[in-house]
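First up is the structure itself, then whatever we jot down about it.
What follows is calculated from the coordinates using simple rules that are stated; it is not laboratory data. These numbers come from a predicted model, not from an experiment. Neighbour counts are summed over all protein chains in view; Cβ atoms, including those assigned to glycine, are modelled from backbone coordinates with ideal geometry.
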């Protein structure tokens with residue numbers, strides 16, 4: 001106000017505008033200009049401004065010319081709005097007084113309004129700011145967390161809390177390098193994050209790091225940072241809290257949690273164990289109860305009398321068998337001492353009882369007891385201790401088997417035994433005599449066996465000799481028959497020549513001689529031929545070959561060219577055998593030819609087959625021919641043996657001899673089944689037809 | 001046809017077989033001259049014209065030789081071997097006519113180069129027929145020389 005210019009002002013025209021300006025002046029809103037209102041004029045005594053001025057003690061008049069007289073009046077503001085008034089004032093006013101007409105006043109007013117509003121707003125803003133600053137400051141100062149502003153790596157602002165956290169005073173902290181407050185190991189981390197944040201990169205706004213107190217202690221800080229504008233430059237606004245305790249608590253908690261977990265797990269384990277133990281125990285109890293039930297049932301069912309005593313020898317239980325044998329029922333014995341031991345049997349009984357109660361069990365001890373009606377019977381006793389559910393001795397259990405019958409039997413047996421012994425002695429004597437006899441016979445037999453063995457050996461030797469002799473004979477027969485052939489042929493030829501040449505000359509009888517001669521020679525040739533064949537059987541060692549018997553036989557039959565009235569039947573299933581082919585052929589050829597020859601049936605039938613036997617198979621040749629009387633069954637296999645004359649059937653009597661020799665060479669045998677008029681069947685057994693043994 | 005009948009040389013020791021052969025020759029009116037030797041040596045003498053066959057005309061060259069195997073002195077197969085080994089006689093047709101049915105004799109005969117192996121048929125009728133056939137056959141055939 002001392003510097004402000006003082007302006008004395010009077011207003012002409014006391015309308016509403018006047019009042020407004022008056023307010024303005026009174027309010028001294030203009031800082032650089034001090035306006036002093038010294039008068040207000042208006043023709044109308046009720047004008048608002050006039051009234052207001054009067055109230056305020058300002059000079060008023062109805063005539064504006066009065067204002068000219070006011071001392072030190074600098075300015076007249078004309079607010080009537082009438083131009084004549086403005087002109088009049090302008091003409092009449094003293095020169096040193098300035099005139100602001102209503103237009104200017106209006107303009108002045110508008111400007112003043114704007115400025116006033118600005119000022120008001122500013123004042124409001126300042127107030128609001130102050131308020132918020134207060135609030136802010138309160139907030140910051142009252143915060144439980146440390147708040148700070150970090151600008152250019154220094155702490156430019158913070159609250160007491162922040163400083164306290166680090167053990168400094170606020171004054172000490174402000175201006176400090178912020179890195180000083182960070183633990184050396186975390187400085188790189190925090191620096192990186194800050195730099196990145198300042199550059200606008202995406203970094204976590206909240207993170208933990210270690211701080212360093214004034215005293216050099218390490219603390220754990222959690223911070224929440226963001227970029228703000230502070231005094232026109234970017235800065236970091238931070239919000240920290242000391243979580244050291246928290247961290248320690250966390251560690252302690254983790255630790256105790258672990259311990260708790262362990263304890264928990266253990267307790268779970270114990271609980272489980274306990275549970276399973278309980279389950280087991282319950283199971284055991286149940287099993288025990290069950291077995292007890294079973295035993296009870298067993299006792300009930302036992303055919304032997306059973307008594308159960310308690311520890312004092314009083315009866316607890318008897319089974320039905322007991323009642324049957326001894327007569328007392330379970331009710332009668334319950335709680336009573338058993339009074340069924342005869343006097344003389346007491347001592348041994350006492351011994352038994354003592355033994356049992358001592359825990360020993362035994363079986364098969366013989367004693368005697370009364371029955372209810374006074375009989376005495378023999379018993380065999382087995383007894384043992386009887387345990388209750390908890391395993392403590394609860395009494396004894398006795399099984400009393402009635403052995404009266406047995407005793408009787410034993411006595412009878414003894415008698416019989418004595419009798420037997422006597423007889424045995426008798427018999428033994430006899431036996432000794434017989435043994436002697438036998439010994440003699442045995443040595444005799446040994447002697448005979450030896451003689452037999454020797455005879456057998458001789459026999460074998462003789463058989464070998466015989467075989468050798470046979471072979472020699474065979475050879476001889478071969479040679480002879482072979483060499484006989486040629487002369488015989490010559491004789492026959494000459495006979496033929498003579499007959500031919502002399503046919504016309506000779507008489508009937510002489511011709512018959514020649515014919516007879518011819519026939520004889522032919523017979524001789526036949527005989528020699530057959531003998532040759534016979535002797536040749538098996539002469540050369542022939543190897544066995546594997547042949548399909550069916551195929552072999554079919555080929556053979558075909559080669560024989562049997563007459564058309566002969567039917568040959570063969571089965572379909574034939575085995576494959578290992579055999580000397582030539583020998584087999586000779587056998588079957590001769591048998592088949594015989595079967596066709598010695599046959600007078602209208603429809604001659606030969607059957608070839610394989611008969612299954614125990615050891616394997618037998619080949620057979622069956623015919624519906626004339627049959628052979630069993631008397632001659634052996635004879636017919638002899639050399640030159642015939643059952644018919646030459647007129648009946650031709651042949652030399654060697655056919656079957658050849659068969660027999662050939663079969664023997666094959667280590668088989670041949671037999672015949674035949675009856676006159678019922679045909680014949682020849683059976684041949686060969687080694688390869690037998691099953692492996 | 002219209003050839004001169006060739007000479008037949010027969011080597012045979014069995015007198016009865018010789019009689020039968022001669023009889024067959026007569027019976028069938030066989031035109032071929034028949035010369036007979038009784039052993040292997042005699043056979044070769046004849047073929048070489050040696051010994052008693054040294055006289056000219058004593059041993060006319062045969063068209064075929066009928067050779068028995070079993071002969072005294074030199075046997076049939078040895079004679080055959082000789083014949084086949086001699087340049088002059090090599091081509092001579094040799095028919096083994098024998099009683100032997102033995103396989104080995106047959107094999108050996110053919111191995112040594114016999115032209116045929118015939119087993120003497122039993123009975124004269126058959127034999128004479130065989131003789132006739134042999135002659136007929138060899139009439140038909142072209143002899144080597």
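Structure notes:
- Extended-chain gain in nm, criterion 0.36 nm per residue less alpha-carbon gap, residue A:476 and residue A:428: 10.4 nm
- Förster radius 56 Å - calculated FRET efficiency between residue A:420 and residue A:467, Cβ distance, rounded to 0.05: 0.35
- Rotationally averaged projected area of the stretch A:48-184 (alpha carbon convex hull; nm²): 15.4 nm²
- Considering only the Cα atoms of the stretch A:629-693, their convex hull presents on average a projected area of 5.3 nm².
- Estimated D of the stretch A:163-233 in µm² per second, where Rh is the Kirkwood radius over Cα pairs and Stokes-Einstein applies at 10 °C, 1.306 mPa s: 121 µm²/s
- Seen from all directions on average, the stretch A:17-66 presents a Cα convex hull projection of 3.4 nm².
- Percent of Cα pairs exceeding the 15 Å cut-off, where the set is the stretch A:508-561: 72 percent
- Cα centroid of the stretch A:315-375 to Cα centroid of the stretch A:639-689, whole Å: 93 Å
- Within 10 Å of each Cβ in A:481-487, the average number of Cβ atoms from other chains: 1
- Spin-label model distance (nm) - residue B:18 vs residue A:602, 7 Å beyond Cα toward Cβ: 6.1 nm
- Mean per-residue shielding of peptide B:124-133 is 1, counting Cβ atoms of other chains within 10 Å of each Cβ.
- For the stretch B:11-145, the spread of Cα positions along the three principal axes, ordered from largest to smallest, is 36, 35, 30 Å.
- Kirkwood Rh and Cα Rg combined as Rg/Rh, the stretch A:1-129: 1.00
- With distances taken between every two different alpha-carbon atoms, the stretch A:424-486 has a Kirkwood hydrodynamic radius of 16.3 Å.
- Between residue A:68 and residue A:544, the modelled labels are 18.5 nm apart [label points 7 Å from Cα along Cα→Cβ].
- Estimated from helical segments only, the mean residue ellipticity of chain A at 222 nm is -17500 deg cm²/dmol, where each DSSP H run of four or more residues counts as -39500 (n - 2.57).
- Global geometry of the stretch A:365-449, whether rounded, prolate or oblate, following the gyration tensor of its Cα atoms and the 1.5 cut on a/c: oblate
- The stretch A:554-606 shape via C-alpha gyration tensor axes, a/c threshold 1.5: prolate
- Debye equation applied to the C-alpha atoms of the stretch A:329-408, log10 I(q)/I(0) at 0.13 Å⁻¹: -0.44
- Per-pair calculated FRET efficiency, R0 = 30 Å: residue A:667 and residue A:449 via Cβ, rounded to 0.05: 0.55
- For the stretch A:235-317, the ratio of Cα radius of gyration to the globular rule of thumb 2.2 N^0.38 Å stands at 2.76.
- In the stretch A:276-378, the inverse of the mean reciprocal separation of distinct Cα atoms equals 15.6 Å; this is its Kirkwood hydrodynamic radius.
- Packing-based ranking, highest mean first, of A:452-462, A:107-117, A:171-181 given that Cβ atoms within 10 Å are counted: A:171-181, A:107-117, A:452-462
- Cα-Cα pairs of chain A separated by more than 36 Å (percent): 79 percent
- Mean Cβ count within 10 Å, highest first, over the residues of peptides B:45-57, A:319-331: A:319-331, B:45-57
- In summary, the stretch B:60-108 shows an alpha-carbon radius of gyration equal to 1.15 times the 2.2 N^0.38 Å reference for compact globular proteins.
- Cβ-based exposure ranking for B:83, A:227, in which fewest neighbours within 10 Å come first: A:227, B:83
- The stretch B:58-84 and the stretch A:538-564: distance between their alpha carbon centers, rounded to Å: 39 Å
- Debye equation applied to the C-alpha atoms of the stretch A:541-664, log10 I(q)/I(0) at 0.13, 0.14, 0.18 Å⁻¹: -0.57, -0.66, -1.10
- Most to least packed among A:140-152, B:132-144 [average Cβ atoms within 10 Å]: A:140-152, B:132-144
- Label zone at residue B:115, where the point sits 7 Å out along the Cα-to-Cβ direction: the stretch B:59-77 residues whose backbone N lies under 15 Å: B:61-68
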